1. Report yes if some residue within region 306-316 is out of contact with any strand residue (DSSP E or B) (no Cβ under 9 Å at 6 or more places or on another chain) and without any contact (Cβ under 8 Å) to a residue 40 or more places away in the chain; otherwise report no.
2. Write out, first by first residue and then by second, each pair whose Cβ atoms fall under 6 Å of each other, whose residues are 6+ apart or on separate chains, and whose first residue, in region 450-477, is within 16 Å of residue 506 (Cα to Cα) while the second is not in a helix (DSSP H, G or I).
3. Which residue is surrounded by the most Cβ atoms within 10 Å (Cβ to Cβ), if the candidates are limited to region 223-238 and must be assigned to a loop (DSSP other than H, G, I, E, B) and modelled with pLDDT of 95 or more?
4. Since residue 343 meets every condition but one in (1) part of a loop (DSSP other than H, G, I, E, B); (2) buried (at least 19 other Cβ atoms within 10 Å of the Cβ), which condition does it not meet?
5. Quick one: would you say residue 26 is over 26 Å from residue 122 (Cβ atoms) and surrounded by 20 or more Cβ atoms within 10 Å (Cβ to Cβ)?
6. Check 94, 58, 31 and return the single one that is touching a helix residue (DSSP H, G or I) at 6+ places or on another chain (Cβ under 6 Å) and either exposed (fewer than 15 other Cβ atoms within 10 Å of the Cβ) or free of Cβ contacts under 8 Å to residues at least 12 places away in the same chain (or both).
7. Among the residues of region 315-334, is any assigned to a helix (DSSP H, G or I), closer than 24 Å to residue 505 by Cβ and in contact with a helix residue (DSSP H, G or I) (Cβ under 7 Å, 6 or more places away or on another chain)?
8. Which one of these does residue 73 not meet: (1) over 17 Å from residue 22 (Cβ atoms); (2) free of Cβ contacts under 8 Å to residues at least 60 places away in the same chain?
């Protein structure tokens, strides 16, 4: 039987082992174990691994237990029995080192660091340990804490980038660097064991994230863009050739908040995106703030909405606080995507992709609202009543209310009626021009507005006349549907009618 010893020249009976590896403590202990010690262990193909509990000059640095965890998370070594050599008993070790709880898992033993204890060790104590009981006899009995020098935000970013890039099969310098870190850190090894990435479904079909189906322009803003997120999103959106994707490549750490926000505003003005994927926290001060309204992502949202409130914003965030997430909607965002933090139990990468697709498609579907807003801003109503109706068009269309196109059509039609009332006094089956008292026998909405266009505004615009006929026809069919069927209103019709209204009101103003 091949027994292997891992030591720091602190075991007096080294020659009793078939082979040994000397451990030299490093400042980056996880990386050293993963890139140096583990490959050496695998090369020796041991049947039993003996590990000295302390593997450095500091007796209280019980790196032996950390190494034992690394072994258990290594696919080719995870079922190999491990024996801890120590001058202390298990009870004392558990008081000194939380990772000593591994002693209570399957086929992990502790013996005295002596030749006699080694000779007396009975291999028959070993129990069956395999894939079937790996979870119940090991994973469910232990926990590995995140490194103290790693923030919750950085962990969520690294973990989410790793998982998203795996599903999308992204290969880039930043992704490889992230992957190497995940592969070496004990905490991430633990997470991968607890939350394996299942590329294939139970029926054997491979899961492929579906890209959005609509077309448009997407701008991505995140201080973590260069760590792999930009590569992930670029790969994802490249699957739809009708989507134009751009990352705001910016050195967030080297510039102050004012300069950063100003640069983002200028980029939005120049690029004119339909959808912005925006990180909630973009500066170090954001991680120290408890007021969501002061977060940089919120400030940028407000600026983007000032440019054009129809630009749809999808917030990207690592926070898991429900109070913050719900508060985001008060600032007019379309929705949010969470960067998967390991603490979010039940959160699925597949569900994140599905939610992203849904939100982006919804956002791109609303891109026509940018033009609606621009038309609305250019209209100068001659009365408060017209302003109310004109302003309501965008508000209605930007909502999720049912039949919003119908209500928007009614608002535009109402303006036509207000214009008619400006020029005509209605009577029974007839109307009178207010300026000449001349009567007309046909007081229908269509006849009155056409007379106004022709005789008072001298507007000779075929598109306007066609628009008038079209909106009146659809309005009447909506109120009195033929065969109970309401006519479907398209986005293009709304824009056409709104432009028609713009032309008429401009002529009235002149």
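1. Yes, because at least one residue in region 306-316 is out of contact with any strand residue (DSSP E or B) (no Cβ under 9 Å at 6 or more places or on another chain) and without any contact (Cβ under 8 Å) to a residue 40 or more places away in the chain.
2. Pairs found: 453/459.
3. That would be 228.
4. Status for residue 343: all satisfied but (2).
5. no
6. Step by step, each of 94, 58, 31 is checked, and only 94 is touching a helix residue (DSSP H, G or I) at 6+ places or on another chain (Cβ under 6 Å) and either exposed (fewer than 15 other Cβ atoms within 10 Å of the Cβ) or free of Cβ contacts under 8 Å to residues at least 12 places away in the same chain (or both).
7. no
8. Residue 73 satisfies every listed condition except (2).
The values are calculated or read from the model by the stated rules, or taken from the named source; none is laboratory data. In this text the structure is predicted, and so the values were computed from the model without any measurement. Methodologically, a virtual Cβ is constructed for each residue, glycine included, from the backbone with ideal geometry; neighbour enumeration extends over all protein chains shown.
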